[in-house]
Amino acid sequence: MQGIQQVIKDVNGLIQNPVRYLKLSKICNIYNIDVIPAVKLEYNSAYLSGLFDSDGSVYLNKQSIQVFITVSQKARELLETLVPVYGGVVRPSNKNATAFKWTVYKKQDILNLIDNYFHWNNCVSAKNKKFGMVKQFYYLSSIGAVKAPEDSVLGVSFKQFVREATNNLDN
């Protein structure tokens, strides 16, 4: 019983998901604990890191040669809270609009997230490794490797990167 009460104490006031908040309220009622409303989401909150760890991806679109950081959810409102804090957009991720995707696609926004957010709020999964590949992509892009002839040194480097990225980044 003490273990459960400690978990309640640790998460009370931090639950952003309305469904989970309702469940926490019910548990708090059982243990006669006052439920604390969720704190306002701030940039340095580890919430995004946990959400990204469970439902996020890093994509390299080979056609557009663009990188995306995304998080998918069934409930749009969970993702809408991210936009004013971290940027990006929320769009339906399927034709029926039964799921949604928060997407960050601007280079500066992606680099800010990697350097100023995920650097301090590490993912617990292996997804952290993908951020290094994103930075490598932007470096190769900055030295012209993306548009270099395929048989040039830069072109070969970029082609090798794309092979590695295909195995490590979601497509």
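The values are calculated or read from the model by the stated rules, or taken from the named source; none is laboratory data. As the structure is a prediction and not an experimental result, all values here were calculated from the model. For neighbour counting, all protein chains shown are included, and Cβ atoms are generated from backbone atoms with ideal geometry for every residue, glycine included.
Considering only residues in segment 90-112 that are among the β-branched types (V, I, T) and touching a Lys or Arg at 6+ places or on another chain (Cβ under 9 Å), the one that is nearest to L140 (Cα to Cα) turns out to be T103.
With respect to (1) under 20 Å from the mean Cα position of the chain (by Cα); (2) at positive phi, the lone exception for N32 is condition (1). Please tell me if V90 is assigned by TED's automatic domain parsing to the domain that holds K9 and crowded, with 17+ Cβ neighbours inside 10 Å. So V90 fails the test.
Rundown of residues vs (1) charged (D, E, K, R); (2) modelled with pLDDT under 95; (3) closer than 22 Å to S45 by Cβ, yes/no style:
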residue: K62; (1), (2), (3): yes, yes, no
residue: V71; (1), (2), (3): no, no, yes
residue: L82; (1), (2), (3): no, no, yes
residue: L113; (1), (2), (3): no, no, yes
residue: Y117; (1), (2), (3): no, no, yes
residue: N122; (1), (2), (3): no, yes, yes
residue: K127; (1), (2), (3): yes, yes, yes
residue: L140; (1), (2), (3): no, no, no
residue: D170; (1), (2), (3): yes, yes, no
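With respect to the stated conditions, D10 is exposed (fewer than 12 other Cβ atoms within 10 Å of the Cβ) and among the acidic types (D, E).
Considered as a group, the residues in segment 117-171 that are polar (S, T, N, Q) and closer than 20 Å to S54 by Cα include one that is surrounded by the most Cβ atoms within 10 Å (Cβ to Cβ), and that residue is N121.
Considering only residues in segment 125-146 that are under 21 Å from the mean Cα position of the chain (by Cα) and in contact (Cβ under 8 Å) with a residue 40 or more places away in the chain, the one that is nearest to K107 (Cα to Cα) turns out to be Y138.
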